Amino acid sequence: MQVSLFISCFNDTLFPQTGQAVVSVLERLGHSVDFPMEQTCCGQMHLNSGYRDETVGLMRRFLDVFEPCDVIVCPSSSCVSTVRTSYPRLAREMGDAELIRRTDALAGKVFEFSEFLVRKLGVEDVGAYYPHRVTYHPTCNSLRALKITDAALALLRNVRGLELIELPKSEECCGFGGTFAVKNADTSIAMLTDKLANIRSTQAEVCTAVDNSCLMHIAGGLSRERSGRRALHLAEILASTEEGMRQ
Amino acid sequence: MTDFAPGIVVERDFPDAARDALANTQLRRNIGKATNTIRAKRLKVVGEMPDWQELREAGRQIKAQVARHLDTHLLKLEEAVTAAGGRVHWARDGEEANRIIGEILARHGAREVLKIKSLTTDETGLNSALAQRGISAIETDLAEVIVQLGEDRSSHILVPAIHRNRAEIREIFKRKLAGTENLSDEPAELAGAARRYLREKFLTVPFAISGANFAVAETGSVAIFESEGNGRMCLTLPKVLISLMGIEKVIPSWRDMEVFLQTLPRSSTAERMNPYNSVWSGTRAGEGPEEFHLVLLDNGRTDVLADEPARETLACIRCSACLNVCPVYERTGGHAYGSTYPGPIGAILTPQLNQPGPAETLPYASSLCGACFEACPVKIDIPRILVHLRGKIVGRKKETLAGKFSGEAIAMAAMARIFGSARLFELAQKSAVIGQKPFVRGNVIPSLPGPMAGWTAMRDVTPVPKQSFRQWWRAERGAESSAKPGGSA
Amino acid sequence: MSEARTAILERIRSALRDVPPGEDASTDGVERAFHRRGEPGTPETVARFAERAAAYKVSVSECDSAGAGAAIHEILERRGHRRMVTAEDLPQAFVPHGCDVIVDHGLTFAEIAAADGVLTTCATAIAETGTIVLDHGEGQGRRALTLLPDYHLCIVETDRVVSLVPEAVARMEPSVKAGRPLTFISGPSATSDIELNRVEGVHGPRTLDVLIVRS
């Protein structure tokens with residue numbers, strides 16, 4: 001299958017290894033990956049912060065870049081949720097029939113990475129090997145907007161050597177919430193503190209998820225604990241094999 | 001008595017109020033324990049309903065019809081209540097509602113009036129308005145008694161004293177109620193003390209004020225859902241009953257109750273059914289009050305109605321499920337929201353009923369995690385409305401010079417420009433690698449200045465790696481990518 | 001009519017300019033895909049009602065119609081209640097014997113409150129939620145009767161037990177349309193206002209007994 005990668009501006013800039021992992025897994029499964037170089041940002045931050053005009057510009061741009069693609073895969077559930085849910089809604093709020101048609105069409109062909117593997121390709125075992133104790137944090141967008149927690153967990157259960165530990169109170173937000181973490185830093189930190197305590201209680205070495213934004217928030221807190229515990233995107237776990245052990 | 005009138009005027013920015021609340025360990029423990037208990041209970045009673053989603057959808061549709069034809073339903077309600085022997089009054093704002101109620105009571109020479117817990121009267125600041133006329137309002141719901149005697153403020157829609165534990169309640173009762181010297185902190189004993197204190201009031205005070213959970217346009221019936229029986233006392237024993245309701249509480253037909261009689265109890269008290277629901281229509285010879293007044297309150301609701309994307313805010317049935325599942329509310333409690341309506345629903349409702357000012361910080365008091373939307377029994381998309389309100393705030397600010405040139409507006413505009421071009425974006429990535437250099441320590445950035453200082457107070461920042469994904473891709477696959485669809489635009 | 005009324009209605013109409021004129025205002029078109037029909041009066045439905053009422057700490061017993069008098073007598077003996085209030089139209093079969101029956105021909109609130117308890121029938125009962133519903137018609141008396149005494153014994157005839165809430169709402173429609181008040185009772189009065197601990201018995205009857213009579 002020809003798969004177009006929507007990396008997200010955040011991963012492109014801060015977590016290139018996640019994108020590399022997605023490419024590696026998809027190619028291992030025999031698919032062909034392309035990367036539309038004109039892509040930048042879906043506009044999620046502008047949208048959620050109330051900058052609608054700016055969002056509309058970025059949405060139009062996103063449509064121009066990705067419309068020629070057949071299948072679009074993204075390793076960020078919040079970005080997928082923006083394209084799948086927010087774009088069509090924004091188009092409707094604008095009352096623009098052409099935009100409604102375009103956003104609806106696009107919404108049907110964009111997938112979160114784990115969702116794509118399990119629900120679209122029907123693959124739960126990608127041949128990964130990761131001999132570590134891992135806990136999974138279902139990020140809010142993956143849990144409530146996309147409802148793909150089962151897919152991620154199925155993939156993790158099939159990773160050889162991986163010991164999956166259930167995260168207590170996993171459904172609670174880590175406190176990131178984009179600009180929320182800055183505008184309401186105190187409350188965000190209070191939420192993170194509880195999330196970290198729950199992660200600590202699993203004694204896992206690694207906390208994984210399908211959004212690097214939430215993971216950066218969690219990692220930023222874990223790093224202060226100096227426990228060595230770390231946060232890692234699911235794609236990177238799935239990319240690691242016995243032959244090429246990746247950290 | 002307490003004086004916080006009216007209950008929806010927010011005085012402090014949420015982040016400041018939240019900071020204080022977060023430091024109160026007693027409050028954190030009380031609220032954390034209570035919200036976690038009720039969450040588990042709600043999941044259990046909702047989980048046993050195989051048709052829960054269908055009920056939510058029906059509730060949403062009924063409430064949407066109410067909003068779309070509010071004038072029709074209110075006129076029908078007025079007609080039916082009047083035909084049943086009641087009197088209907090209209091109040092444009094809280095002050096007008098307080099005046100109408102005050103005048104009815106004054107006409108009867110009332111010195112005291114019983115009250116059933118009512119958010120709407122808290123919203124209008126009715127108690128203090130009545131106090132100015134020399135009429136004392138006696139709260140009869142146990143939690144409201146605790147709040148009133150403690151000269152405190154409600155912090156939850158359903159359980160106003162959720163922030164108080166049994167030890168604190170005992171202290172309040174011992175200070176304020178006679179004959180409580182040897183009171184223990186057992187909930188049953190504390191409830192017993194309230195029963196004794198109020199029994200005499202119920203039998204002697206001939207005036208009562210209530211809110212309304214629903215009012216049926218078709219039959220002119222008003223419904224009150226409650227647990228303790230204080231509601232039944234106030235609805236049955238007094239001679240004069242006055243109910244204050246927001247105009248959005250009307251429902252078209254009696255049959256519509258079949259939905260809310262199921263969704264409200266399971267979402268609010270997390271029971272299959274709360275102990276008592278009362279329904280009455282006007283007045284009836286030999287049965288209940290001789291005089292019934294229904295006051296219909298606007299107080300900003302028509303503004304919400306006019307803002308179509310936010311209109312569904314008015315669908316709220318005040319169950320409080322969104323508060324109980326909210327990770328922000330769980331940590332800050334209700335007082336931080338500074339309003340009668342705290343939590344997620346408050347974060348959208350309060351600013352819409354308010355003037356610009358501190359209330360504008362409320363739509364940002366959410367990580368948009370979506371737990372509220374999932375729990376809402378009438379499917380109000382609270383995260384979507386939060387974002388819509390943020391948009392309105394940004395729009396208003398852009399109209400002022402200070403707002404247009406605020407740090408945030410400039411940064412957002414700059415970022416939008418950068419994202420407008422892949423070339424500029426890549427340039428920005430490269431500059432970030434250079435710009436961050438003074439802040440990087442090993443593998444992390446432990447401290448940043450300006451607006452990002454809040455982040456690094458507790459969290460390290462991941463530095464920007466030297467090679468972005470696109471640079472890697474170009475280096476590895478440069479040639480092939482441009483041939484693919486959308487590869488270059 | 002008042003200035004406020006005119007102003008509010010005007011504001012509503014101007015807020016709703018997006019609603020096409022002539023659109024149906026009723027809720028007849030609402031999708032009601034939830035469960036609406038159960039099996040009223042069947043042994044399974046009655047058993048579920050008994051189980052769900054008991055979950056609220058209601059003490060539930062059962063008898064056939066011929067044994068109602070004896071069963072009532074036995075319950076009141078066990079509770080030790082001697083002075084029971086009833087409505088004047090309580091069916092003869094349910095009038096307790098062997099104790100003082102105070103019939104409400106216009107009792108004062110104090111007189112009602114001074115009784116040991118009240119005995120009534122009900123209009124309908126809901127199995128799903130363990131709820132009894134009074135429309136204050138025959139055998140049920142005015143609202144104050146079932147409110148002021150500390151004890152309530154409610155007779156539930158099996159043909160009045162429905163499975164689901166929507167069935168009860170449909171059954172009560174004629175009563176509501178006739179202007180009767182309704183009282184839904186699910187267990188004795190309770191509060192969870194102190195640390196969300198449920199405490200039975202605040203202002204209404206602290207004890208509720210239900211006698212199911214097979215009809």
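Of note:
- Scanning region B:394-403 for residues that are without any contact (Cβ under 8 Å) to a residue 40 or more places away in the chain and assigned to a helix (DSSP H, G or I), we see that the one that is surrounded by the most Cβ atoms within 10 Å (Cβ to Cβ) is B:394.
- Taking region A:133-154 as the range and being among the basic types (Lys, Arg) and either more than 10 Å from chain B (Cβ to nearest Cβ) or not in a helix (DSSP H, G or I) (or both) as the test, the residues that pass are A:133, A:147.
- Complete set of residues in region A:24-47 that are surrounded by fewer than 23 Cβ atoms within 10 Å (Cβ to Cβ) and facing another protein chain (nearest Cβ under 8 Å): A:34, A:37, A:38
- Restricted to region B:20-38, and to residues there that are surrounded by fewer than 18 Cβ atoms within 10 Å (Cβ to Cβ) and among the charged types (D, E, K, R), the residue that is farthest from residue B:267 (Cα to Cα) is B:20.
- Within region B:432-446, the set of residues being surrounded by 12 or more Cβ atoms within 10 Å (Cβ to Cβ), at pLDDT 90 or above and within 12 Å of chain A (Cβ to nearest Cβ) comprises B:432, B:433, B:436, B:445, B:446.
A quick yes/no check of all residues on (1) crowded, with 16+ Cβ neighbours inside 10 Å; (2) over 20 Å from residue B:367 (Cα atoms):
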{"site": "A:91", "(1), (2)": "yes, yes"}
{"site": "A:139", "(1), (2)": "yes, no"}
{"site": "A:144", "(1), (2)": "yes, no"}
{"site": "A:147", "(1), (2)": "no, no"}
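- Residue match in region C:16-32 (condition: more than 11 Å from chain B (Cβ to nearest Cβ), under 30 Å from residue C:157 (Cβ atoms) and assigned to a loop (DSSP other than H, G, I, E, B)): no
- Only listed residue being of a type in the set (A, V, I, L, M), within 20 Å of the chain's Cα centre (by Cα) and facing another protein chain (nearest Cβ under 10 Å), chosen from B:212, B:194, B:161, B:188: B:161
- Which listed residue is surrounded by 24 or more Cβ atoms within 10 Å (Cβ to Cβ), assigned to a loop (DSSP other than H, G, I, E, B) and basic (Lys, Arg), from B:153, B:164: B:164
- The listed residues are B:311, B:284, and the only one of them that is under 30 Å from residue B:78 (Cα atoms), among the charged types (D, E, K, R) and in the same structural domain as residue B:78 (by TED's automatic domain parsing) turns out to be B:284.
- Single unsatisfied condition, residue C:179 versus (1) buried (at least 22 other Cβ atoms within 10 Å of the Cβ); (2) touching a strand residue (DSSP E or B) at 6+ places or on another chain (Cβ under 7 Å); (3) assigned to a loop (DSSP other than H, G, I, E, B): (1)
- When the criteria are applied in full, residue B:259 meets the requirement of being in a helix (DSSP H, G or I) and in the same structural domain as residue B:125 (by TED's automatic domain parsing).
- Against the test of being surrounded by 24 or more Cβ atoms within 10 Å (Cβ to Cβ), touching a residue at least 24 places away in the same chain (Cβ under 8 Å), under 15 Å from the mean Cα position of the chain (by Cα) and within 14 Å of chain A (Cβ to nearest Cβ), the options B:372, B:319 yield a single qualifying residue, B:372.
- Filtered residues of region B:167-195 (kept if touching a Ser or Thr at 6+ places or on another chain (Cβ under 9 Å) and either over 30 Å from residue B:293 (Cβ atoms) or at pLDDT 90 or above (or both)): B:170, B:173, B:174, B:187, B:190, B:191, B:193
- The single condition among (1) in a strand (DSSP E or B); (2) in contact (Cβ under 8 Å) with a residue 40 or more places away in the chain; (3) outside the structural domain of residue A:79 (by TED's automatic domain parsing) that residue A:164 does not satisfy is (2).
- Of all the listed residues (A:39, A:17), the sole one being part of a loop (DSSP other than H, G, I, E, B) and under 25 Å from residue A:179 (Cα atoms) is A:39.
- Matching residues, region A:77-95, being among the hydroxyl-bearing types (Ser, Thr, Tyr) and away from every other protein chain (no Cβ under 12 Å): A:87
- Of all residues in region B:283-316 being facing chain C (nearest Cβ under 7 Å) and more than 18 Å from residue B:349 (Cα to Cα), the one that is modelled with the lowest pLDDT: B:286
- Selection from region B:175-185 of residues that are more than 28 Å from residue B:265 (Cα to Cα) and either touching an Asp or Glu at 6+ places or on another chain (Cβ under 7 Å) or within 14 Å of chain C (Cβ to nearest Cβ) (or both): B:183, B:184
- Tally, over region B:468-480, of residues that are surrounded by 15 or more Cβ atoms within 10 Å (Cβ to Cβ) and at pLDDT 90 or above: 7
- Taken over region B:226-256, residues that are touching a strand residue (DSSP E or B) at 6+ places or on another chain (Cβ under 7 Å), in a helix (DSSP H, G or I) and either among the hydrophobic types (A, V, I, L, M, F, W, C) or more than 7 Å from chain C (Cβ to nearest Cβ) (or both) amount to 6.
- The set of residues in region A:14-57 that are among the hydroxyl-bearing types (Ser, Thr, Tyr) and closer than 16 Å to residue A:236 by Cα comprises A:18, A:24.
Results for (1) within 20 Å of residue B:226 (Cα to Cα); (2) over 16 Å from the mean Cα position of the chain (by Cα), shown as yes or no for each residue.
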| residue | (1), (2) |
| --- | --- |
| C:140 | no, no |
| C:145 | yes, no |
| C:157 | no, no |
| C:183 | yes, no |
| C:198 | yes, yes |
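- Residue ranges of helices (runs of 4 or more DSSP H) in region B:404-473 with at least 3 members within 26 Å of residue B:15 (Cβ to Cβ): B:407-419, B:453-456
- Members of region B:280-298 that are farther than 20 Å from residue B:254 by Cα and either outside any strand (DSSP E or B) or touching an Asp or Glu at 6+ places or on another chain (Cβ under 6 Å) (or both): B:285, B:286, B:288, B:289, B:290, B:298
- Residue check, residue B:243 among the hydroxyl-bearing types (Ser, Thr, Tyr), touching a helix residue (DSSP H, G or I) at 6+ places or on another chain (Cβ under 6 Å) and modelled with pLDDT of 95 or more: no
- Evaluated against (1) in a helix (DSSP H, G or I); (2) more than 11 Å from chain C (Cβ to nearest Cβ); (3) touching a residue at least 40 places away in the same chain (Cβ under 8 Å), residue B:8 falls short on exactly one condition, (1).
- The test for being touching a Phe, Trp or Tyr at 6+ places or on another chain (Cβ under 6 Å) and of a type in the set (Gly, Ala, Ser) does not hold for residue C:178.
The values are calculated or read from the model by the stated rules, or taken from the named source; none is laboratory data. Treat the numbers as computed from the prediction; the structure is a model and nothing was measured. All Cβ positions, even for glycine, are placed from backbone atoms using ideal geometry, and neighbour counts span all protein chains on display.
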